[in-house]
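Asks: Before I ask anything, let me first share the structure, which is written out below as structure tokens.
A short reminder: the numbers here are calculations on the coordinates, not readings from a lab. As the structure is a prediction and not an experimental result, all values here were calculated from the model. Cβ atoms come from the backbone with ideal geometry, glycine included; neighbour counts cover every protein chain shown.
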Amino acid sequence: MRLRLVTVRHTVGVLAALAVAAAGVAGCGGGADTSGRAGRTPDSQNAPEAAKMVATGNTMDQPLPATAASTALTDQNGRHLSLGSLRGRTVVLAPLLTMCQETCPMTSENLHQAAQAARRSGSSAKVVFVELTVDPARDTVRRLHAYAKLYGALPNWLLVTGKPARITAMWKALGVTTEKVPTKEPVRDWLTGRPVEHPYDVHHQDVVLIVGQDGHLRWITVGRPDARGTKLPTSMQKYLNDEGRDNLAHPAADGASSWTAHDVEQAVAYVRDLRSDG
């Protein structure tokens with residue numbers, strides 16, 4: 001499918017339009033009830049200045065913020081890295097919350113599927129899929145390792161964490177807001193099977209960003225992951241709450257925008273075809 005490009009003068013307008021279509025994407029994880037809450041898009045003050053429509057998302061050309069590029073991260077295998085250290089590869093970046101019961105399991109499934117497609121095409125060394133936690137206090141290396149095993153470990157699919165204050169600053173630099181919200185609803189830990197003491201949710205946008213080989217932000221989409229036709233890991237399928245099951249079966253039932261693994265694959269192909277002037 002040819003990628004359709006439509007020039008848009010101001011990114012703020014593009015993201016506002018996506019927000020209207022992405023109702024309910026702001027909340028995730030911890031068993032919180034996020035039904036009916038309007039979706040929020042990345043902070044307009046931090047968003048890129050100009051963008052173009054491409055497939056289900058928007059293209060852009062802005063340097064990766066220094067804070068986002070330099071933040072020290074650790075992946076599910078205990079390896080240290082930063083987004084800057086991945087320069088020269090195309091990086092697909094999305095937020096992760098392993099205690100999410102609404103959308104994150106489907107985000108992980110879609111990105112895992114896209115990472116598998118990259119391996120089949122022989123491009124796994126050139127494209128890396130990174131899920132960066134919004135909950136570093138709970139998403140330890142041990143938990144990320146266990147989560148990755150549920151889906152099947154892939155060398156080009158990284159789950160990363162870091163120091164809480166730095167992770168928050170990193171997401172803020174990217175224009176993505178995160179908010180820790182206490183919840184009174186009982187929550188069970190998918191890893192231990194035990195009730196969680198002092199449960200909380202972490203609200204965030206369901207956003208996917210692509211960083212080009214030149215270290216520039218090149219693509220963004222905001223919306224629910226559409227994982228219909230795929231099979232979630234059994235434990236994650238069971239972990240979904242009522243809202244999560246609705247999102248899995250009908251990701252755009254209320255008019256919300258959505259994206260698939262194939263959409264990400266198309267966007268990756270587009271970004272890899274770009275030629276940097278610098």
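Asks: Per-residue counts of other Cβ atoms within 10 Å, averaged by peptide: what ranking do you get for 125-135, 186-196, 99-109, highest first?
Replies: Top to bottom by mean Cβ count within 10 Å: 99-109, 125-135, 186-196.
Asks: Still on this model: Would you please calculate the Kirkwood hydrodynamic radius of region 113-195 over all C-alpha pairs and express it in Å, rounded to one decimal?
Replies: 14.8
Asks: Show the residues, 5+ positions off or on another chain, whose built amide H is closer than 5 Å to the amide H of L96.
Replies: Distant-sequence amide H within range of L96: L132, T133, V134.
Asks: Another question, then. What ranking, highest mean first, results for peptides 110-120, 198-208, 217-227 when packing means the other Cβ atoms within 10 Å averaged over each residue?
Replies: By packing density, highest mean first, the sequence is 217-227, 198-208, 110-120.
Asks: Of K184/K238; K126/K149; K126/K238, which sit over 25 Å apart, Cα to Cα? Can you show the working numbers first?
Replies: Working: K184/K238 21 Å; K126/K149 23 Å; K126/K238 34 Å.
Among K184/K238; K126/K149; K126/K238, the Cα-Cα distance tops 25 Å for K126/K238.
Asks: First measure r as the distance between the Cβ atoms of R87 and K184, then evaluate 1/(1 + (r/R0)^6) with R0 = 51 Å and state the FRET efficiency to the nearest 0.05.
Replies: Values: r = 44 Å, r/R0 = 0.87.
It comes to 0.70.
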